[in-house]
Protein chains: 4
Amino acid sequence: MSSTEKRLSAPEKAAARRAQVLAAAAECFSRSGFHGASMAEISKAAGMSAGHIYNYFDGKDAIIEAFVAANVERVSAIMRDLAQHKDPVQAMIDNAEETVVEHLQPNFYVMPLEIAAEASRNPKIAQALQAADISSRTQFRVLVQRARELHQLPVDDDTLDLCVETMIAFFHGLPMRALHHPNLNQAALVKGMRIAMRAIMLG
Amino acid sequence: MSSTEKRLSAPEKAAARRAQVLAAAAECFSRSGFHGASMAEISKAAGMSAGHIYNYFDGKDAIIEAFVAANVERVSAIMRDLAQHKDPVQAMIDNAEETVVEHLQPNFYVMPLEIAAEASRNPKIAQALQAADISSRTQFRVLVQRARELHQLPVDDDTLDLCVETMIAFFHGLPMRALHHPNLNQAALVKGMRIAMRAIMLG
Amino acid sequence: MSSTEKRLSAPEKAAARRAQVLAAAAECFSRSGFHGASMAEISKAAGMSAGHIYNYFDGKDAIIEAFVAANVERVSAIMRDLAQHKDPVQAMIDNAEETVVEHLQPNFYVMPLEIAAEASRNPKIAQALQAADISSRTQFRVLVQRARELHQLPVDDDTLDLCVETMIAFFHGLPMRALHHPNLNQAALVKGMRIAMRAIMLG
Amino acid sequence: MSSTEKRLSAPEKAAARRAQVLAAAAECFSRSGFHGASMAEISKAAGMSAGHIYNYFDGKDAIIEAFVAANVERVSAIMRDLAQHKDPVQAMIDNAEETVVEHLQPNFYVMPLEIAAEASRNPKIAQALQAADISSRTQFRVLVQRARELHQLPVDDDTLDLCVETMIAFFHGLPMRALHHPNLNQAALVKGMRIAMRAIMLG
DNA sequence: CATGAATGAGGATTCATTCAT
DNA sequence: GATGAATGAATCCTCATTCAT
């Protein structure tokens, strides 16, 4: 993190500026990709001169890194929501339709794919992704454990690993599935997800 | 086809050259990405001058397209293998470990991610992906139907959609999962996949 | 206009830069031709980096177009001068020597030839040339009419066409003549032109 | 000349090949200009491999030179025709319409303009043009002299220079005029030319 | 803080020319 | 003779980055 931030005299304004750039970057990155988006494009979207961006970020790579860091937490957000429920697994199953619909929107699935592709070549991005994944799966693990205890199911390590890895793999597949088959039978997929969730986590 | 190929008089040599370029491109693309790889890099890897490549491909985009076309059929190959078995679903379940291990190799999962990211911005690539997907899921559908008939399970359209979409989504998630958690508990994931397969396709 | 100009915030400086580029282009174009002159050559002559030129012009074609637009008005300037005289045709005849001498200078006749050659292949340039010609011959027509009325000669359309087209053809021939015979008998040509002018316009 | 030809063992076939290339070049040059036409384009038009052309010409420049040499004689051809007539000047005046019509065809006027532009930058081409001009004007001079003697008009050097230079300048202007005003009043121009011819050569 | 003019390295692409076959 | 595969230099253009103002 220290490598992607710069010390500035008016911290709160600087943070706002950084956010402004990142918001603009979101627009440009999802439209043109990390490498297709130019600093000029970003600066225009940010309503700020290209040169000025360099007062807040060390360069384009730093913007990408900061952007990824900010966008990588999405799964965690879902976890926090689920954590509210008494039976988080049941909540997941109940939310399945909503989740699928959300993932079929191009403006939802484009950025994860872009980020993944970048991560597969850029170790810094990969690290950010993996760090976020640790946090996500740790949170998820707790929720699954709670649910399984509620259902009086075993909660040994391997079983929890099984639930966590399999389920997250599933969610990770949705953006790719949407890309390959934009008009898929949504109802069928929702039904299939529910079956899988139940079988994996409550079976 | 006509847009990504060029007619040359010595067909077999020309085809060899094209293959040579595509092989070099594979190396460079997976190392640097479609946009990060320069024609100079590719030409060096192909052992041929940059200019000469243009005798075989209309430009970098044509190389990417041809490369994607050649790499997009992998799922189909898996389908063909499965089609050999009397009970293809059981064969999938039996092969689960092998499949997972394969997908955990970086040199396996990098290109699908790169291709997906490109497809999310490049309509031509998206079309290639979607066309390949039609063929894959049609093949897969047939296999699932055969297996379900064998097991005397219903084979209505929605049910087959459910099996096909959910299972493919699952497989699509593996590369992303591998990227996010390279050292995941492989045995647990295999076990989870088997549970999911059985529940979805044979439940 | 909009296609050959770019809006920049400091208008007067931008205009100066554009002029600087066009001046450099004049040098390079007349030395190497439109296609022989490279952007690197132009940028060096303009004392500015090649990349920077693209902040003022959309590309080399835009420079050529702007350059042609700026150079195509020369005939109009002559017309404006002639318009000052009470008897413009007599003024032309009086100026004949000066006109011929001017057209014999290589740095006068090179660019019109280059422009003409370009126009014969490039529709945009052809259009610019033809638009300028409309204006030139309209102005010239008025002058001839005034002179003929002064001399109490008929001013019907065909006669005015005759004067305008024939005389301009004559002037257009001078650069080519100079190119084919650089050391021609200048005095004889001047005398010939005067005879032709009188016969055509005042006959 | 010796620099644009190559000694080959079967002279007559070689000459045919050279002619074949030059004919192809005519097509390509008038379509794309000297610099816009590629060797590939020419070789295709000539029905011969690009490499093979180098057996007959030292390079593209040599083709251009040879092409210009072959195309520069057009005025001379007109002279030869005129020489047939007892009163060549009267023949010119009679032919005026035909001459104008011919010069208004784009495929007539394009090449002279291209050649002139090239000559203004390439000394070799300029020399070819000027050499051809010497021959043209010498022939023309003889014809004018004959006609003037027929009409019992003075034939001193300056007067003949006047006739020759002024008239040729006129003809040189026609292609440029056609380019600037493709739909000009042809009849008026013909009439104007006749007036000018009579005034200059028979006045 | 903020601008945007300016740079220069790097990228894709074209093309005259060569040479092994 | 004849081919066309192969080269590599040159060209136009883009873009991240810097810096004077």
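Nothing in this text is a laboratory measurement; each read-out follows from the coordinates by a stated rule. These figures come from a predicted structure and were not determined experimentally. All Cβ positions, glycine included, derive from the backbone under ideal geometry; neighbour counts span all protein chains shown.
Rounded to the nearest 500, what is chain B's calculated 222 nm mean residue ellipticity when only DSSP H runs of at least 4 contribute -39500 (n - 2.57) each, over all residues?
Rounded to the nearest 500, it is -26000 deg cm²/dmol.
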May I ask you to give the average projected area over all directions of the convex hull of the Cα atoms of chain B, in nm² rounded to one decimal? 12.8 nm²
D:H52-B:R121 FRET efficiency (beta carbon distance; Förster radius 45 Å; 0.05 resolution): 0.50
As straight-line cross-link partners of C:K13, the qualifying lysines (C-alpha separation under 27 Å, not fewer than 8 residues apart within one chain) are A:K44, C:K44, C:K60
So for chain A, averaging the separation of alpha carbon pairs under 8 Å that are six or more residues apart and normalising by length, what relative contact order in percent results? 22 percent
For A:F34, what charge total do you get from the other residues with a beta carbon under 15 Å from its beta carbon, if Lys and Arg give +1 and Asp and Glu give -1? -3
How fast does the stretch A:82-156 diffuse by Stokes-Einstein, in µm²/s, taking the Kirkwood radius from C-alpha pairs at 20 °C and 1.002 mPa s? 148 µm²/s
The helix B:60-71 Cα axis meets the longest alpha-carbon principal axis of chain B at an angle in degrees, between 0 and 90 and rounded to 10, of 30 degrees
Angle between the Cα long axis of helix C:123-150 and the longest principal axis of chain C, 0 to 90 degrees, nearest 10? 30 degrees
Closest-to-axis residue of chain B (Cβ criterion, axis taking B to D), whole Å: B:G51, 4
Exam field: D:H151 pseudo-label spacings to other copies (7 Å along Cα-Cβ), nanometres: 1.9, 10.9, 11.4
For the stretch A:1-116, what D do you get in µm² per second when you plug the Kirkwood radius from alpha-carbon pairs into Stokes-Einstein at 37 °C and 0.692 mPa s? 207 µm²/s
A:K191: which lysines have alpha carbons under 24 Å from its alpha carbon, excluding same-chain residues fewer than 8 sequence positions away? A:K86, B:K191
Considering the Cα positions of the stretch B:134-203, please state its Rg to one decimal place and its Dmax as a whole number of Å. 13.6, 39
What list of ³J(HN,Hα) values in whole Hz, one per residue of the stretch D:89-97 in order, does the Karplus curve 6.51 cos²θ - 1.76 cosθ + 1.60 (θ = phi - 60°) give from phi, with Gly and Pro shown as x? 5, 4, 4, 4, 5, 5, 7, 3, 4
First obtain the Kirkwood hydrodynamic radius of the protein assembly as shown from its Cα pairs, then insert it into the Stokes-Einstein equation at 4 °C and 1.567 mPa s, and state the resulting D in µm² per second as a whole number. 39 µm²/s
Once the convex hull of the C-alpha atoms of the stretch A:33-100 is built, how many Å³ does it hold per residue, rounded to a whole number? 123 Å³
Efficiency by 1/(1 + (r/R0)^6): what FRET value for A:R198 and A:F108, r their Cβ-Cβ distance, R0 = 22 Å, to the nearest 0.05? 0.35
Could you please state, rounded to a whole Å, how far the C-alpha centre of the stretch A:85-120 is from the C-alpha centre of the stretch B:127-142? 23 Å
